[in-house]
Amino acid sequence: MSDLADPNTGQIRWRDLTLRIKRYDPEKDREPHWQEFKIQAHPMDRVLDVLMKVKWEQDDSIALRKSCAHGICGSDAMRINGQNNLACKLLVQNVKGKTITVEPILGLPVIKDLIVDMKPFFDHYKAVMPFLVNDDPAPTTERLQTPEQRARFDDTTKCILCACCTTACPPFWGNREYVGPAAIVNAHRFIFDSRDQGAGERLDILNDSEGIWRCRTVFNCTSACPRGIQVTQAISEVKRALITGVVDIPEEAEVLS
Amino acid sequence: MSSTISEPKAYRAGKLAKLIDGLRYQGGIGQWSWLVHRVTGLGILLFLVIHVVDTFFVVFNPALYDHTVAIYGGVFGGTYYWPLRWAFRLAELGLIATVLFHAVNGVRVILFDFWNEGCKYQKESFRAVLLVFLALMIPAAIAVILPLATAPEHITQIPENVATARP
């Protein structure tokens, strides 16, 4: 933290920043426009803190979604300095330059300012059956699996449905019918779960002209994911399952039977 | 009551706005390699269309074919113009670059799909693509540009066969 502190006083230096926000008022504007605010920010503030400070002190008409503010609920996804991220996960000290540019995620209808209509996104999510499918009689205890079987889909369980990946995806910008990386990640989470029996049905849904084959391995999803999910890797695993017809799940160990 | 409140309209970005906003996205190596791959793919398609059309001339009008090929060599209407030859020669170099990049990066994209570890090394593999591309491109560039140094405009006496020969 030494480089943030004033060498004479030892105090953390506040930074003078310009906050550029893409504004859109559905009752007045035909198109979004940029608005700038001057603000002093603490290096350890999150971008969300800066936004809220501007909203409280300068212009209370700024509209944004936020809830938990700890990177778990996934409601404050926005494009910050050109890349999708959660406003609550990016610290001011990690922002380069003197300007923070904030705009709504691209590819979904903008309702107001930074708030987008998430319905198309959640429709795609629902389309891949993101729930456990198992027609066996429910056991009296848990459905057991080995640590290896659990590890097989561990990465994709981390998804918080913030839409950072889907709205960073050029094929999705071009075609909103594309199912999108987030939905494929959530399909992957169940396809490779040893307790699940719906893999075939999910693969059928994804094997569509608007399905998984629209992925062009751009890797914007992987770099945008605030949870660090290897999205493109997950998508290519599902692609391989479709090509080979084999869903490679680790074998059940002796201990479980 | 119903006349007082109208449903506010959501903003839907048009194709141009999406293109501009999309190009402004800071996606890094993955995004730019994908974009260049796309553009070079379209470039190759454009070349193939031109190539098929001018080769087709030989079937129904051989004289037109000779005329077209002479233009590629810098000869228009029986007169040699060196900027024309340079333009086509450099465009050929651009075509080689386009095909080379698309081919080498295409192997990288195939690896994403068929090699389990492919996605882990997308940045490293792009650096390898650039190295292979340069290794092939530098000799190609020398081979294409060197003949320009001995092109007719550098020779005081233009040989008889240059104006009529097919390059």
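The values are calculated or read from the model by the stated rules, or taken from the named source; none is laboratory data. Remember, it's a predicted structure, so these values are computed and weren't measured experimentally. When we count neighbours, we look across all protein chains shown, and the Cβ atoms used for this are built from the backbone with ideal geometry, even at glycine. Accessible surface areas use protein heavy atoms only, side chains included; no ligands, DNA or RNA. Shrake-Rupley method; radii C 1.70, N 1.55, O 1.52, S 1.80 Å.
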Practice task
Please work out the C-alpha center-to-center distance from segment A:10-51 to segment B:85-129 and express it in whole Å.
Solution key: 40
Handout entry: Near-label residues of segment B:74-92 by backbone N, under 17 Å of a point 7 Å along Cα→Cβ of B:Asn61
Key = B:76-78
Practice task
Please give the solvent-accessible surface of A:Asp123 in Å², to the nearest 10, using a probe radius of 1.4 Å with every protein chain present.
Solution key: 70
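Just to make sure I understand: if all protein chains stay in place, what is the order of A:Trp173, B:Trp32 by accessible area at 1.4 Å, largest first? Write down the numbers at each step before the final one.
Numbers: A:Trp173 20, B:Trp32 105 Å².
Ranked list, largest accessible area first: B:Trp32, A:Trp173.
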Problem - Chain pair A, B: total accessible area buried, heavy atoms, 1.4 Å probe, Å² - result: 2700
Exercise for the section: Would you mind telling me which residue in A:Asn84, A:Asn207, A:Asn186 has the biggest mean-square fluctuation in a Gaussian network model of chain A, where springs connect alpha carbons within a distance under 10 angstrom? Expected result: A:Asn207
Problem - Buried on assembly, segment A:204-226 (at least 10 Å² less accessible surface than by itself, 1.4 Å probe) - result: A:Arg216, A:Thr217, A:Val218, A:Phe219, A:Asn220, A:Ser223
Practice task
For B:Leu48, tell me the accessible area in Å² from a 1.4 Å probe, rounded to the nearest 10.
Solution key: 80
Handout entry: Label-point separation, A:Ser61 to B:Phe47 (7 Å along Cα→Cβ), nm
Key = 5.4
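Once you list every other residue whose beta carbon is under 11 Å from the beta carbon of A:Asp49, what net charge do they have if Lys and Arg are +1 and Asp and Glu are -1? The partial results should precede the final answer.
On the way: positive: A:Arg46, A:Lys53, A:Lys55, A:Lys66; negative: A:Asp45.
Local net charge: +3.
Quickly estimate the mean residue ellipticity at 222 nm for the protein assembly as shown, helices only: each DSSP H run with n ≥ 4 gives -39500 (n - 2.57), and the total goes over all residues, rounded to 500. Each step should come with its number before you reach the end.
Details: 13 runs with 182 residues, N = 424.
For the protein assembly as shown, the value works out to -14000 deg cm²/dmol.
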Completion exercise
So, over other residues within a Cβ distance under 13 Å of A:Asp135, counting Lys, Arg +1 and Asp, Glu -1, the net charge is -1
Practice task
Describe numerically, in nm with one decimal, the distance between label points set 7 Å from Cα along Cα→Cβ at A:Asn207 and at A:Lys98.
Solution key: 5.8
Completion exercise
Using a 1.4 Å probe on heavy atoms of the protein chains only, the accessible area for B:Phe56 in Å², nearest 10, reads 120
Problem - Ranking by accessible area, most exposed first, for A:Arg176, B:Arg108 with a 1.4 Å probe - result: A:Arg176, B:Arg108
Fill in the blank from the handout: Debye calc, one equal point scatterer per Cα of the protein assembly as shown, no solvent, log10 I(q)/I(0) at q = 0.11, 0.13 1/Å comes to -0.98, -1.15
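Return the average number of partner chain Cβ atoms within 10 angstrom of each residue Cβ along peptide B:112-120. Walk me through the numbers on the way to the answer.
Values: counts 9, 6, 4, 2, 5, 1, 4, 11, 3.
That average works out to 5.
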Exercise for the section: Provide the per residue accessible area, probe 1.4 Å, for the protein assembly as shown, rounded to a whole number of square angstrom. Expected result: 55
Exercise for the section: Using a 1.4 angstrom probe on heavy atoms only, work out the carbon and sulfur share of the accessible area of the protein assembly as shown in %. Expected result: 60
Problem - Residue with peak Gaussian network fluctuation, chain A [Cα springs, cutoff 10 Å], from A:Ala224, A:Ala234, A:Ala138 - result: A:Ala138
Problem - In nm, spacing of pseudo-spin labels at A:Leu4 and B:Phe88 (7 Å Cα→C-beta vector) - result: 6.4
Exercise for the section: Between A:Lys158 and B:Thr79, take the C-beta separation as r, use R0 = 51 Å, and let me know the FRET efficiency to the nearest 0.05. Expected result: 0.15
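Report the relative contact order of segment A:46-101, percent, no decimals, based on alpha-carbon pairs under 8 angstrom and at least 6 residues apart.
Here the relative contact order equals 36 percent.
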Handout entry: Heavy-atom SASA rank of A:Arg195, B:Arg12, A:Arg202, A:Arg13 (probe 1.4 Å, accessible area, largest first)
Key = B:Arg12, A:Arg13, A:Arg195, A:Arg202
